[in-house]
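Before any comments, here is the structure.
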Amino acid sequence: MRDCFVGAGTLLAMTEEKKGSKVTLKRTLIKNGCVLSLDKKVGNFHQADVLIEGTKIAVVGPNLSAADAEVIDASDMIVMPGFVDTHRHVWEGILRNIGTDIPLEGAEGYLSIILKTLAPVYRPEDAYIGDLVGLYGAIDAGITTILDWSHIQATREHADAVVRALQESGMRAVFAYGYPWWKDPDEHQEDWIRDVAKQYFASKDQLLTFALAVPGPEFVSFEKTKAHWQLARELEARITVHVGVGTAGKLCKLLEMGKAGLLEDDTTYIHCTTLSDEEIKMIVDTGGAVSLSSTSEMTMGYGMPPVQRFLNLGLRPSLSVDAETNMPNDMFTQMRSVISLQHGMLFDRKLAGKRNLPPFMNSRDVIECATIEGARANGLAHKTGTLTPGKEADIILLSTDRPNILPVNDPIGAVVWGMDTSNVDSVFVAGKALKREGKLLNVDLDDLRRRAYESRDYVLAKSGFKLPEI
Ligand SMILES: [Zn+2]
């Protein structure tokens with residue numbers, strides 16, 4: 001039972017009854033920031049406050065005060081929802097930038113080197129440290145929710161190791177259990193998946209939620225895909241799947257899946273670069289979500305990101321980093337990449353004399369792709385993605401007094417086009433500070449660095465892979 005007295009200039013009091021006795025929740029008041037709630041009903045403010053009560057956002061508005069609250073001065077900050085990444089192979093954290101000049105396919109490509117040469121030698125501790133370094137990097141960049149597309153489950157212990165890293169990071173995360181791609185994807189997996197779901201995800205009311213990262217209909221048979229999807233639905237887990245990817249995408253059986261009635265609103269489709277118009281429409285019509293990683297899609301040969309094809313049907317994509325082996329770890333890059341691409345394609349048509357073109361995405365559209373659309377794709381829109389009272393307090397503070405951004409004239413434009421990780425001053429997940437005053441909390445960075453290099457060295461030595469010459 002909650003009592004809440006709120007309003008501009010009002011003293012706020014909120015308590016929660018637990019087992020008959022009233023427990024006062026910890027309160028944090030973020031004062032005088034430029035607040036981008038990104039919730040149309042709440043609005044955006046050039047100057048306002050955000051009150052956090054326990055794990056949740058209690059109030060957003062000007063001139064708040066709250067007894068006993070810790071007050072954070074945000075007068076040189078933009079206050080907004082944390083970014084949401086909807087697809088990243090986080091275990092690759094120790095392989096950062098190892099493949100920046102390689103494509104997806106071919107003997108020297110990502111699929112051969114990363115998934116078939118390096119992944120098979122990973123021990124559970126390598127998956128753990130790869131995840132940990134990736135997750136701390138994500139927090140540092142203002143990402144508060146991540147979907148860990150984790151196709152490194154060679155043993156049951158690998159899953160334990162990854163879940164431990166996710167728990168230790170303090171992030172909100174979807175553990176998307178992935179089948180290994182270098183061997184029979186079904187050996188022991190169903191038992192392990194059921195076991196992991198039972199051990200770690202019995203409750204949905206926690207920072208970590210569960211999804212199934214299935215290989216999908218262009219990488220395994222239709223029958224196997226069907227079985228994987230049925231297992232996910234039995235476990236009430238969302239499905240996340242790569243479809244329409246490069247050459248393999250041409251073999252995609254998504255149409256067949258759709259005709260068999262298997263496409264539902266519990267699925268996030270990643271890339272979709274080579275899908276037919278009919279398949280794209282099927283995704284939209286069945287309420288699917290989409291995750292675009294336009295940097296990897298364009299540079300690694302997946303095909304052209306279908307941003308306009310989805311926008312034409314009224315579906316806004318979520319955004320994702322995909323692979324730190326090739327790509328930077330932040331959502332600023334993803335926002336700028338996808339909006340530039342959409343503008344480039346439309347202006348090209350305009351310059352060719354075409355008329356009646358669709359609208360250009362603006363900064364507000366793309367910042368929402370990186371926040372609320374991500375929350376929707378991760379099945380978490382009721383918890384995160386906007387600064388809405390009642391949602392979890394997943395909040396970032398972005399410095400506006402740094403030389404790369406001052407003076408700020410258009411706050412949304414500044415975030416989308418001018419800022420980078422150096423502007424991320426503070427990060428809160430469920431009301432808990434994970435980064436303050438530009439510094440990550442709760443982590444020994446020297447120890448993390450040592451363990452990341454040890455693991456990296458082990459994986460390289462064991463696989464025989466040689467780092468590129470410089
Ligand atoms: Zn991927």
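The values are calculated or read from the model by the stated rules, or taken from the named source; none is laboratory data. These numbers come from a predicted model, not from an experiment. With ideal geometry, Cβ positions are generated from the backbone for all residues, glycine too; neighbour counts draw on all protein chains shown. Calculation scope for accessible area: heavy atoms of the full protein, side chains included, ligands and nucleic acids excluded. Shrake-Rupley method; radii C 1.70, N 1.55, O 1.52, S 1.80 Å.
Summing Lys, Arg as +1 and Asp, Glu as -1, what charge do residues with Cβ under 13 Å from the Cβ of Tyr302 carry, Tyr302 excluded?
Values: positive: Lys250; negative: Glu105, Glu218, Glu297, Asp322.
For residues surrounding Tyr302, the net value is -3.
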query = Can you list, largest first and rounded to whole Å, the semi-axes you get for region 93-243 by taking the square root of 5 times each eigenvalue of its Cα gyration tensor?
reply = 22, 21, 14
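Taking a probe of 1.4 Å, how large is the accessible area per residue of the chain, in Å²?
Values: 19030 Å² over 470 residues.
Result: 40 Å² of accessible area for each residue.
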request  = Sticking with the crude label model, points 7 Å out along Cα→Cβ, report the distance from Lys350 to Gln167 in nm, one decimal please.
outcome  = 5.3
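Efficiency by 1/(1 + (r/R0)^6): what FRET value for Asp191 and Lys259, r their Cβ-Cβ distance, R0 = 25 Å, to the nearest 0.05? Walk me through the intermediate numbers first.
Values: r = 31 Å, r/R0 = 1.24.
So, using R0 = 25 Å, E works out to roughly 0.20.
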task = Give me the aspartates and glutamates in straight-line cross-link reach of Lys116: C-alpha distance below 14 Å, same-chain residues under 8 apart excluded.
result = Glu92, Glu105, Glu108, Asp184
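What length, rounded to one decimal in nm, is gained on full extension from Asp446 through to Ala67, with 0.36 nm per residue of separation minus their alpha-carbon distance? Intermediate values should be presented prior to the final figure.
Numbers: separation 379, 0.36 × 379 = 136.44 nm, distance 3.86 nm.
Result: 132.6 nm gained on full extension.
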Model label zone, Gln206; criterion: amide N under 17 Å from point 7 Å along Cα-to-beta-carbon; scope region 410-440 = 430
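Rounded, prolate or oblate: pick one for region 344-453, where a ≥ b ≥ c are the square roots of the eigenvalues of its C-alpha gyration tensor, a/c under 1.5 means rounded, and failing that, prolate if a/b is larger than b/c, else oblate. Working shown, then result.
Working: a/c = 2.08, a/b = 1.68, b/c = 1.23.
Cα axes put region 344-453 in the prolate bin.
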task = Take Lys439, project a point 7 Å from its Cα along the Cβ direction, then tell me which residues of region 135-170 have their backbone nitrogen under 16 Å from it.
result = 140
ask   = Separation between the Val23 and Ser463 pseudo-spin-labels, each 7 Å from Cα along Cα→Cβ, expressed in nm?
value = 4.5
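Among the listed pairs Lys383/Lys435; Lys26/Lys439; Lys224/Lys281; Lys253/Lys383; Lys40/Lys204, give every one whose C-alpha distance is greater than 30 Å.
Values: Lys383/Lys435 20 Å; Lys26/Lys439 22 Å; Lys224/Lys281 24 Å; Lys253/Lys383 34 Å; Lys40/Lys204 27 Å.
From the list (Lys383/Lys435; Lys26/Lys439; Lys224/Lys281; Lys253/Lys383; Lys40/Lys204), the Cα-Cα distance tops 30 Å for Lys253/Lys383.
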ask   = Can you work out the FRET efficiency for the pair Lys40 and Glu125, with r the C-beta to C-beta distance and R0 = 56 Å, to the nearest 0.05?
value = 0.75
note = Rg/Rh of region 273-321 (Cα atoms, Kirkwood Rh), to two decimals, equals 0.95
query = How far is helix 331-351 tilted off the main Cα axis of the chain, in degrees rounded to 10, range 0 to 90?
reply = 70
Accessible heavy-atom area order of Trp181, Trp417, highest first, probe of 1.4 Å = Trp417, Trp181
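DSSP loop GluC sites (Glu not before Pro) in region 423-470 with at most 15 other Cβ atoms within 10 Å of their Cβ, which ones?
Glu437, Glu469
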query = Under 13 Å Cα-Cα from Lys259, which aspartates and glutamates qualify once same-chain neighbours fewer than 8 residues away are excluded?
reply = Glu278, Glu279, Asp285
query = So between Lys198 and Glu223, what do we pick up on full extension, going 0.36 nm a residue minus the alpha carbon distance?
reply = 6.5 nm
remark   = Rounded to one decimal in nm, the spacing of the 7 Å Cα→Cβ label points at Asp410 and Ser276 is 4.1
request  = Express in % the proportion of alpha carbon pairs of the chain at distances exceeding 32 Å.
outcome  = 39
Protein accessible area in the chain, 1.4 Å probe - carbon and sulfur % = 52
